[in-house]
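*Asks:* Please find one structure pasted underneath; my questions will follow.
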Amino acid sequence: MITAERKPLEEIIEYIRPFQKILLIGCNECVTVCSAGGRKEVGVLSSLLQMSFLKQGKNLQIREHTLERQCDPEYVEELVSMVDGVDAILSMACGCGVQEICRRFKNKPVFPAVNTKFMGASERQGVWAERCQGCGNCLLGVTGGICPIARCSKQLMNGPCGGSTNGKCEISPDVDCAWQLIWDRLKALGMEDRYEEIIPAKDWRPGRAAGPRKIIREDLAE
Amino acid sequence: MMEDFEPVIIAFCCHYCAYTAADMAGSQRRCYPANVRIIRVPCSGKVDVIHILKAFENGADGVYVAGCLEGDCHFKNGNIRAARRVAYARKLMESVGIEGERLEMVNLSAGMGDRFAEIAGRITEKIRKMGPNPIRNTIRPVA
């Protein structure tokens, strides 16, 4: 999922201070799963903003709504009837959702209420960790299912480096050495031969290096 | 003016302990302040941050969540989760300028009628001393 964290309240308050009527929108997808911008978080943020402004003697009007998905035009269309009556829109979706709202509602100021972080997985309740950097050419098939790009601090294609100690990375004892994980897994699978193969320098063009990316499925695209 | 202030306190009470303890307090003819409004919940772990914030947003002066004694939760660890949520909600309240001390987590068992009355009295007095919820005067009328 795409992970996110709520922005500091002061920053959000400064965005919406000039406005009276706000539409606060959440997203039912990734940001719900990582507890950053789903229906529950929309309720909590709305309540906090309300109290913060009430304390300053201002009665803010906030309408709350959570879309099934903010990054798809079909769902964003649901907002049409709600947008007319508001001065500004505050979105708790990831950067993709915020931009989709901006694209659809050109004459309304739109502000983000979360910081989009990374593509990750849940390690346990309340903990999410980075797992993929969207490099555009997946290496997991040769690295035992553990990504050296997302999980090695140096993004080494052939590791580990000298900073690996007792399975941990030199940047922090809390960070696993990705190459130790790769070796352990290859060994457990009896696939140590894979480790001997040198992975050549990576072509970063399928990643962000060749500019903004787009996928076009010709059978689906209209 | 402060002498006239009667705080509104919301107590989220677990059905398996505090709510029964409140009943016990009544059976034992123990008095506790009428300021405390009890909301029965199936477990203190059912209480979410949003319930607590909404209570304050709508003008409550104090809130407490009453769960079972540690290790005695009917649903294993609902009271531990409730305590974490209370701690988190306190931080959120502080971030908008409402004192975190207005919110508390307490633990008791179903047989502790005396303790229920004592907690209700202690928290009411604490909030009375603190004064009204800072947003109480600007709050919009509830329809």
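*Asks:* So A:Arg69 ticks every box in (1) surrounded by 15 or more Cβ atoms within 10 Å (Cβ to Cβ); (2) outside any loop (DSSP other than H, G, I, E, B); (3) among the charged types (D, E, K, R) but one. Which box is left unticked?
*Replies:* (2)
*Asks:* Then there's this: What single numbered condition from (1) closer than 22 Å to A:Met1 by Cα; (2) surrounded by fewer than 15 Cβ atoms within 10 Å (Cβ to Cβ); (3) among the basic types (Lys, Arg) fails to hold for A:Arg151?
*Replies:* With respect to (1) closer than 22 Å to A:Met1 by Cα; (2) surrounded by fewer than 15 Cβ atoms within 10 Å (Cβ to Cβ); (3) among the basic types (Lys, Arg), A:Arg151 is out only on (2).
*Asks:* While we're looking at this one, here's another question. Does B:Asn137 satisfy the condition of being within 14 Å of another protein chain (Cβ to nearest Cβ), more than 30 Å from A:Gly126 (Cα to Cα) and of a type in the set (S, T, N, Q)?
*Replies:* yes
*Asks:* What's the total number of residues in the range B:76-117 that are free of Cβ contacts under 8 Å to residues at least 40 places away in the same chain and in contact with a strand residue (DSSP E or B) (Cβ under 7 Å, 6 or more places away or on another chain)?
*Replies:* Number of matching residues: 4.
*Asks:* Let me ask you something else. Tell me whether the range A:29-38 contains one or more residues that are modelled with pLDDT under 95 and either within 14 Å of another protein chain (Cβ to nearest Cβ) or in contact with a strand residue (DSSP E or B) (Cβ under 8 Å, 6 or more places away or on another chain) (or both).
*Replies:* No, every residue in the range A:29-38 fails to be modelled with pLDDT under 95 and either within 14 Å of another protein chain (Cβ to nearest Cβ) or in contact with a strand residue (DSSP E or B) (Cβ under 8 Å, 6 or more places away or on another chain) (or both).
*Asks:* Could you list all residues from the range B:102-122 that are under 13 Å from B:Ala60 (Cα atoms) and either facing another protein chain (nearest Cβ under 10 Å) or in a helix (DSSP H, G or I) (or both)?
*Replies:* Within the range B:102-122, B:Arg102 is the sole residue that qualifies.
*Asks:* Which number in (1) out of contact with any Ser or Thr (no Cβ under 7 Å at 6 or more places or on another chain); (2) more than 14 Å from every other protein chain (Cβ to nearest Cβ) marks the one condition that B:Gly67 misses?
*Replies:* Condition (1) is where B:Gly67 drops out.
For (1) in contact with an Asp or Glu (Cβ under 9 Å, 6 or more places away or on another chain); (2) among the hydroxyl-bearing types (Ser, Thr, Tyr); (3) closer than 15 Å to B:Val49 by Cβ, each residue gets a yes or a no:
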residue: A:Lys21; (1), (2), (3): yes, no, no
residue: A:Glu29; (1), (2), (3): yes, no, no
residue: A:Thr32; (1), (2), (3): yes, yes, no
residue: A:Gly38; (1), (2), (3): yes, no, yes
residue: A:Val44; (1), (2), (3): yes, no, yes
residue: A:Gln50; (1), (2), (3): yes, no, yes
residue: A:Lys58; (1), (2), (3): no, no, no
residue: A:Ile62; (1), (2), (3): no, no, no
residue: A:His65; (1), (2), (3): yes, no, no
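*Asks:* Only residues that are charged (D, E, K, R) and within 7 Å of chain B (Cβ to nearest Cβ): list them for the range A:47-62, please.
*Replies:* The answer is A:Lys55, and nothing else.
The values are calculated or read from the model by the stated rules, or taken from the named source; none is laboratory data. Computed from a prediction, not measured in an experiment: that's the story for all the values here. All Cβ positions, glycine included, derive from the backbone under ideal geometry; neighbour counts span all protein chains shown.
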